[in-house]
Amino acid sequence: MRLRLPVRLGALARGLVPLLALCAIFLLSPIPAHAQAQPDLSAAIAKFGNDSFSDTADALTALSATGSPQAAAVVDALAEGRLVVDPATRAVFIRTPSGLTDAATGAAVANPPATLTPVRTNNRVRRSIEAAAGALSLLNPDPAKRADAAAAVFKSRDAAALPTVDAAIAKESVPAIKDALEQARAAILMGKAGVSEADRRLAIQKITARGDQEAISLLRSLPADAPASLKAAAEAGIAKVEQSLKFWAMAQNVWYGLSLGSVLLLAAIGLAITFGVMGVINMAHGEMVMLGAYTTFVVQEIIRRHFPGLFDWSLTIALPLAFLFTALVGILIERTVIRFLYGRPLETLLATWGVSLILQQAVRSVFGPTNQEVGAPSWMSGAFQVGQLSITYNRLWIIVFALIVFFTLLLVLKRTPLGLYVRAVTQNRRMAAAMGIRTGRIDALTFGLGSGIAGIAGVALSQIDNVSPNLGQGYIIDSFMVVVFGGVGNLWGTLVGAFTLGIANKLLEPFAGAVLGKILLLVFIILFIQKRPRGLFALKGRAVES
């Protein structure tokens with residue numbers, strides 16, 4: 001034991017020598033740049049007291065590099081005009097609802113100075129505020145705030161935010177937000193001096209993949225002294241983005257056409273029934289749409305005053321009420337005016353035109369001539385993006401609603417006794433009467449059904465158009481065009497005609513304008529009717545064919 005102990009101590013000492021040397025080297029070596037302390041918050045905030053736009057912008061750049069929560073509070077206070085300075089001591093404070101706090105520490109100030117002046121801003125400072133706020137939010141735990149921050153940095157392209165962006169990219173786990181951060185990084189590299197050609201080429205590829213108008217602006221902002229190969233890559237990227245935008249613009253017009261088609265379908269589907277069954281040219285059909293919209297207004301006013309918690313249900317409540325009210329008005333018009341004019345289409349046109357004027361004036365007398373406010377429920381507000389395609393929820397729901405109404409009406413006509421009688425009267429009125437069907441009663445119910453559908457169309461239109469006494473006038477001519485083009489009395493023809501004319505209208509507008517586009521469509525329908533007088537889908541039946 002005595003002989004082995006010295007041997008073991010010596011071996012241990014020889015093993016510790018290299019370890020102690022490594023520790024000494026580590027302790028004496030300089031701290032890497034990335035491991036050094038963050039920029040001094042107090043020194044950055046002190047620059048706000050200099051009353052200089054340049055110093056304020058520099059202070060914001062320094063604050064954005066700290067990543068401090070207090071720095072974020074200072075930037076927010078400056079953006080809201082709550083950052084103030086004591087002219088005597090140049091101390092910087094933040095106004096809060098409870099008093100003043102020290103800008104550097106956040107501590108409450110017991111004895112605030114008597115005179116304080118707000119830190120001034122200009123356009124350059126405001127851009128720096130956006131950049132600093134974006135950089136400080138890049139590491140926020142809330143994904144929505146990180147996404148907003150990435151968008152702010154992309155817009156500002158502040159080179160000072162690049163280290164924070166790199167750190168945020170390394171930590172980000174949400175693919176969409178990470179892609180937005182990479183786009184923000186590429187936007188910074190596009191204009192930053194000293195960037196290698198390889199990095200700038202990757203930035204061009206990333207910006208090109210974004211594929212919007214901002215991408216084109218960025219690609220055109222390439223420095224004039226950039227190599228020819230980079231300029232060629234940027235030009236190729238611009239051409240690619242422009243081609244993509246043309247495709248998305250056409251897709252957007254098709255979407256607008258589908259939206260317009262759904263509106264035309266709602267407005268025309270009731271007219272297709274009455275026109276097809278009774279042969280009545282009902283010029284008051286647009287006023288049924290208008291009455292449905294005003295029913296929605298009245299329902300919302302009652303809910304606002306007495307049951308505000310039910311506002312999101314206002315359209316659901318208005319739908320059956322609008323249907324019943326306009327259906328009763330339609331039956332009243334049929335029983336008092338139209339029943340005496342069957343077989344005389346010109347007289348029905350003039351009579352219903354007079355009825356439309358009476359209804360318009362009645363609404364003006366009750367509600368006034370100005371537009372009425374109809375609100376949108378929360379589930380119909382907002383929009384979302386599909387690529388470069390912007391889809392609003394209100395138009396999406398109207399398309400869905402129009403299709404639901406169409407298929408419900410189709411089911412009623414195909415699977416109910418009323419539908420059977422309506423189809424019988426449509427195909428051969430005299431034979432239907434000979435079989436015991438009360439054609440007069442079917443006429444009244446059919447006119448009421450068509451008017452009721454026009455009423456619920458008004459509920460939908462109140463969400464995308466002005467609710468005024470003239471609301472229906474904008475859709476009556478288009479509704480007749482849809483009915484005649486699709487085939488009088490044929491619901492499938494009305495569906496195809498509405499969406500066809502809606503899409504064609506929106507595709508023509510960019511080239512011919514709104515007015516000339518409608519004229520061209522009218523000329524097309526006239527020529528089409530010359531070739532196919534019964535429209536796309538003609539009804540079959542002895543009365544129809546005679």
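Below, the figures for the structure above:
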read-out: Within the chain: Cβ-based charge dipole about Cα centre, in debye rounded to nearest 20 (Lys, Arg +1; Asp, Glu -1); value: 1660
read-out: Set of aspartates and glutamates with alpha-carbon distance to Lys178 below 17 Å, sequence-local pairs under 8 removed; value: Asp142, Asp148, Asp166
read-out: Listed residues Trp397, Leu359, Leu271: farthest to the positive end of the dipole of the chain (Cβ charges); value: Leu271
read-out: Principal-axis tilt of helix 53-66 within the chain, Cα atoms, nearest 10 degrees; value: 80
read-out: Whole-Å semi-axes of the ellipsoid equivalent to region 175-311 (Cα gyration tensor, √5λ, descending); value: 55, 22, 10
read-out: Too-long pairs where the Cα-Cα distance tops 26 Å, listed order kept, from Lys171/Lys192; Lys47/Lys171; Lys240/Lys518; Lys231/Lys506; Lys155/Lys240; Lys47/Lys145; value: Lys47/Lys171; Lys240/Lys518; Lys231/Lys506; Lys47/Lys145
read-out: Orientation-averaged projected area, Cα convex hull of region 282-418 (nm²); value: 12.0
read-out: Ranked by how many other beta carbons lie within 10 Å on average, peptides 47-54, 344-351 from highest; value: 47-54, 344-351
read-out: Check: region 322-431 dipole with +1 on Lys, Arg Cβ and -1 on Asp, Glu Cβ, in debye; value: 540
read-out: Dipole moment magnitude, nearest 20 debye, region 68-220 about Cα centre, only Lys, Arg, Asp, Glu C-beta charged; value: 380
read-out: Accessible area per residue, Å², the chain with all protein chains present, probe 1.4 Å; value: 52
read-out: Environment charge at Ser314 (Cβ cut-off 11 Å; Lys +1, Arg +1, Asp -1, Glu -1); value: -1
read-out: Carbon plus sulfur fraction of accessible area for the chain, probe 1.4 Å, in percent; value: 64
read-out: Cα-based reach from Lys206 at 13 Å (exclusive), listing aspartates and glutamates while leaving out same-chain residues under 8 positions away; value: Asp179, Glu182, Glu214
read-out: Of Ala424, Ser42, Gly261, farthest towards positive along the dipole that unit charges on Lys, Arg, Asp, Glu beta carbons give the chain; value: Ala424
read-out: Candidate lysines for bridging to Lys414, where Cα separation is under 20 Å - those fewer than 8 sequence places away on the same chain excluded; value: Lys540
read-out: Fraction in percent of alpha-carbon pairs per bin - 5 Å, region 426-533; value: 2, 10, 14, 19, 18, 15, 10, 6, 3, 2, 0, 0
read-out: HN-Hα J in Hz across region 530-535 - Karplus 6.51, -1.76, 1.60, θ = phi - 60°, x for Gly and Pro; value: 4, 7, 10, x, 9, x
read-out: Neighbour net charge for Val329 - beta-carbon separation under 12 angstrom, K R +1, D E -1; value: -1
read-out: Between helix 439-461 and the chain: long-axis angle, C-alpha atoms, 0 to 90°, nearest 10; value: 20
read-out: Descending semi-axes in whole angstrom, ellipsoid equivalent of region 244-325, from the Cα gyration tensor; value: 29, 25, 9
read-out: Exposure rank, largest accessible area first [Val299, Val523, Val515; 1.4 Å]; value: Val515, Val523, Val299
read-out: Alpha-carbon Rg with Dmax, taken over region 192-252, Å; value: 12.1, 40
read-out: q = 0.09, 0.11, 0.13 Å⁻¹: log10 I(q)/I(0) that the Debye formula gives for the chain, counting C-alpha atoms only; value: -0.86, -1.02, -1.18
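The values are calculated or read from the model by the stated rules, or taken from the named source; none is laboratory data. Source: prediction; values computed, not measured. Neighbour counts are summed over all protein chains in view; Cβ atoms, including those assigned to glycine, are modelled from backbone coordinates with ideal geometry. Accessible surface is based on the protein model in full, side chains and every heavy atom, while ligands, DNA and RNA are left aside. Shrake-Rupley method; radii C 1.70, N 1.55, O 1.52, S 1.80 Å.
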